[in-house]
Amino acid sequence: MKLLVLGGTEFVGRALVDDALARGWEVTVFHRGTEPIPGVASLQGDRTESGGLAVLAAAVREGAGWDIVADTWSHAPSAVRDTARLLAGHAGGYIYISSRSVYAYPTAAGADERAPVVAASADGGEDDYATMKAGGELAATAEFGDRALLVRAGLILGPHENIGRLPWWLGRLARGGTVLAPGPADLPIQYIDARDLAAWALSAAERGLGGAFNVVSPVAHSTMGEILETIARVVGASSEPRLRWTDPDDILAAGVAPWTELPFWIPPGEAHDTMHRADVGPALATGLAVRPLAETVADTWAWLQSIGGVAPQRADRPRVGLALETEARVLGITREVAGTARGNSGSGGTGTGADGSTGTGTADARELVRSAITALFVPGDRPDRFAKAATSAADIVIIDLEDAVARGSKADALAAAVAGLLPGGVRALVRVNTVGSPTFTVEVDELLTLARVPGNGLLGLMVPKADGAAGIAALAARLEPRLALVPLIESAKGVQHAFAIASVPGVTRVAFGAIDFAFDIDASGSDASLDYARGQVVVASRAAEIGSPLDSPTTDIRDLDIVAAAAARARTLGFGGKLCIHPAQVAVVAAQYEPTEREVAWATRVLSVDDGVAQVDGRMVDRPVIEQARRILHRAR
C-alpha cells in the first residue's frame, strides 16, 4: 500500500506515519518541514501560500499516485478542497482527521454520527475550529465521495502530544502536593490514543470504508478519577500528590475555565454530554481497539521524560493548564505571616507582605540573601533533604537545579523544587540552569508562576555561569521586586564583566565559582592562583554598592580544617560569606565570620565616641572605620 500523509511530522500525522511503516507500507509525506523522516519520502510545500501545492502537483504530473491519502488539516477548508481536488484522480481513498467539534451544540448524550453538524462551506477561509473542520469534511467528500473517511476524533492523547493536555497533568501530579481534582471523580472522559486512531483509520481506509465515524473510547472506558489516579501511579512522584476532589460549582465560581485550565474536564451538563458521551458503536463494530488507559499514560510519561520533561507546543494553540496561584486560591491554601530577620526559618517566614507582594516580604527576602554568611546547597532532585537543610544552621538554603542534578532529572528536580516551595514548605533560593540552556526558560517560568502563590517560600534565583550583564538584566526585569537575584561568576568573561553584572538593577549580590573558573582558565585551582579573580569580584561588588559576594564552596567535606582555612581566607579577601555543599561545613564557615571579643569591643568603642573625637586606639576614625565597626557589630548580632 502507498500512503500520502499531508503533514506527518507531528502528533497524529506522526502516528499515521509510524503505523503505516510498521505495516510495511510505502509512505510519502507532504509538509512544510525540512528535516528528513527516516524511511519516508518527503515533498515540501506550504498549503497556506500561493503555489504551495506546486511540488505535489509536479509529482502527480510525473505519475505519482497513492492508495490512501491522510489529511490532518485544521485550518481553512479551502486548503483541503484544493488538495483533494488535485489528488482525486490519483488516490484511492481520502482520510480526513476531523473532530467531534463539528456537531451542533448541544448534542445529546448517546448521539451518533447522524447528529446535526454546524453550517460550513468547502470554500471557507479561516474561521472557528468547528466550522473549519466541518468545511474540511465537505471538501474531502466533494472530491472523493464515499471514498472519503471522516474521522471525528475527540480528545486525542498519547506520546508526541503537542497540545499539552496529558503532559500538563503528568507534570502537575509529578510536582506533588495538594492537587485540585475536578469532580465528580466518576465523571466519564472519552478520549483516543493517537496510535489507536491511526491504526483504525488506516485499516478502515484499506478496507474501503467511507463516511463519518466517531473515533473515541467508549463512555465506560475511563473516568476523571481513573485518569488522575493512573497518572499519580505512573509518575511515581517523590512528593506524593494528594487529590482534593472539588465540587464543579466551586471550581466554576472561582472563575476556572473547564477544558483549558483543567484539561479533559468539562462539568456535568450539556457541554459534557456533547464532548464525552458520544456513541461509538460504528467504529467499534469496524475494528476500533482502545488500549488500556495505563498504557497511554505510561508511554506518554516515558516519552516526556526522554525529551527533558517539556512537551512541544503547537504555535496555533494556546497553552493549557491551571496556574499555581489559581490552584492555591481555589484550594483555599493560606498561611500565617511569620519571619525572622536573620537565618533560615525552615517552613516559616512567608505570607503576604505589607506591600501587597506574595511570599516572603520584599525587605525580608532580599535582606536575608544579602546578609547571609552561610548558604547551603541541596540537590533539587532530593526533596527528602529540603526540610533537613531548611532546619540547619545555614542562613539560607539554595535548591540546586544545575550541577547537582543529572540532565535526565531536570524536570523532576524542577517539579520537586516548586512543590517544596509551596505554602507549608521551605524557603530558599533556587539555582536555575544557565541562561539559554534548554531548561532555563521553563524553570524561570515555573518559578515566577510559583512566586505569585500567596505564602510561597521562594527567596529568589541564583544564575550560574554569568558571563555578561545582558542575560542577567533580562531576567531581573521579569522578577518581582521582593525576589533576590544572585549571579554566579564562574568564568574569565564573568570576571571581566563582574562590575557590569553587579551593577544590573535588581542584583542583590554575586557569588564566585572557583571550580568552573579554574577549569575555564586552566589553573590549578589553588586559592593563591585564584586570588586575582576573587579580588575582582569583591571590588566589583563594592563598586556596584551591592552586598559583599559569597565565596565558592570548598569541595572537601571531611577535613573541616580545610573548610575553616578557606572561609578565613575568603573573609580576609572581602567576601561576605561562603557557599556550602554539606551541613557539616555550615558551622565551620560561620565561626570564621564570627567577630572576636576584641573586635566587638573595638567596634563598640568606635560607635560610642563623641563626634569630636578623631581617633580610637591610635587609629583615625573616619567614615570607612565607622562602617567597618557597624559591620562587625552586625555580624556579632
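The values are calculated or read from the model by the stated rules, or taken from the named source; none is laboratory data. Keep in mind that what you see is a predicted model, and the values were worked out from it rather than measured. Don't worry about glycine lacking a Cβ; one is built from the backbone with ideal geometry, like all the others, and counts go over all protein chains shown. Just so you know, the surface numbers come from the protein's heavy atoms only, side chains and all, with ligands and any DNA or RNA stripped out. Shrake-Rupley method; radii C 1.70, N 1.55, O 1.52, S 1.80 Å.
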List, in order, the whole-Hz ³J(HN,Hα) value for each residue of segment 194-204 obtained from phi through the Karplus relation with A = 6.51, B = -1.76, C = 1.60 and θ = phi - 60°; use x for Gly and Pro. 4, 5, 6, 4, 5, 4, 5, 4, 5, 5, 5
Report, by chain and number, residues whose modeled amide H sits under 5 Å from the one on Leu155, excluding near sequence neighbours (fewer than 5 apart, same chain). Ile192
Over the chain, give the accessible area per residue in Å² for a 1.4 Å probe, as an integer. 41 Å²
Those aspartates and glutamates that a straight Cα-Cα span of less than 12 Å connects to Lys2, excepting residues fewer than 8 apart in one chain: Glu26, Asp67, Glu206
Net charge dipole size for the chain [Lys, Arg +1 and Asp, Glu -1 on Cβ; Debye, nearest 20]: 1160 debye
Whole-Hz Karplus ³J(HN,Hα) for segment 565-574, in order, using 6.51 cos²θ - 1.76 cosθ + 1.60 and θ = phi - 60°, x for Gly and Pro? 5, 5, 5, 5, 5, 4, 5, 4, 6, x
Under 17 Å Cα-Cα from Lys578, which aspartates and glutamates qualify once same-chain neighbours fewer than 8 residues away are excluded? Glu367, Asp395, Asp400, Glu490, Asp516, Asp527, Asp531, Asp551, Asp556, Asp559, Asp561, Glu594
Subtracting the Cα-Cα distance of Arg370 and Glu206 from 0.36 nm times their residue separation yields 52.1 nm
Placed amide H near Leu149: partners under 5 Å, 5+ positions off or other chain: Tyr94, Ile95, Tyr96, Gly211
Just want the answer: with Cβ charges of +1 for Lys and Arg and -1 for Asp and Glu, which residue in Thr274, Thr434, Phe264 is farthest toward the dipole's positive end in the chain? Thr434
P(r) tail for segment 181-243, what percent of Cα pairs lie past 14 Å? 67 percent
Which ³J(HN,Hα) values, rounded to whole Hz and listed in residue order, are derived for segment 465-481 from phi using the Karplus coefficients 6.51, -1.76 and 1.60 in 6.51 cos²θ - 1.76 cosθ + 1.60 with θ = phi - 60°, glycine and proline given as x? 6, 6, 9, x, 7, 4, x, 5, 5, 4, 5, 4, 5, 8, 7, 5, x
May I ask you to give the percent of accessible area on segment 1-144 that is carbon plus sulfur, with a probe radius of 1.4 Å? 51 percent
Taking placed amide H atoms and a strict 5 Å upper bound, the residues 5 or more places from Val117 or on another chain that come that close are Ala104
Along the Cα→Cβ direction, 7 angstrom out, place labels at Thr596 and Ala302. What is the inter-label distance in nm? 6.5 nm
Report in % the part of the accessible area of segment 435-522 that belongs to carbon and sulfur, leaving out ligands and nucleic acids; probe 1.4 Å. 63 percent
Would you work out which of Thr178, Val69, Ala88 lies farthest towards the positive end of the dipole of segment 41-194, given +1 charges on the beta-carbon of Lys and Arg and -1 on that of Asp and Glu, about the Cα centre? Thr178
44 Å tail of the calculated P(r), the chain, as % of Cα pairs: 37 percent
Sort the following peptides by mean Cβ neighbour count (other Cβ atoms within 10 Å, averaged over residues), highest first: 265-273, 562-570, 47-55. 562-570, 265-273, 47-55
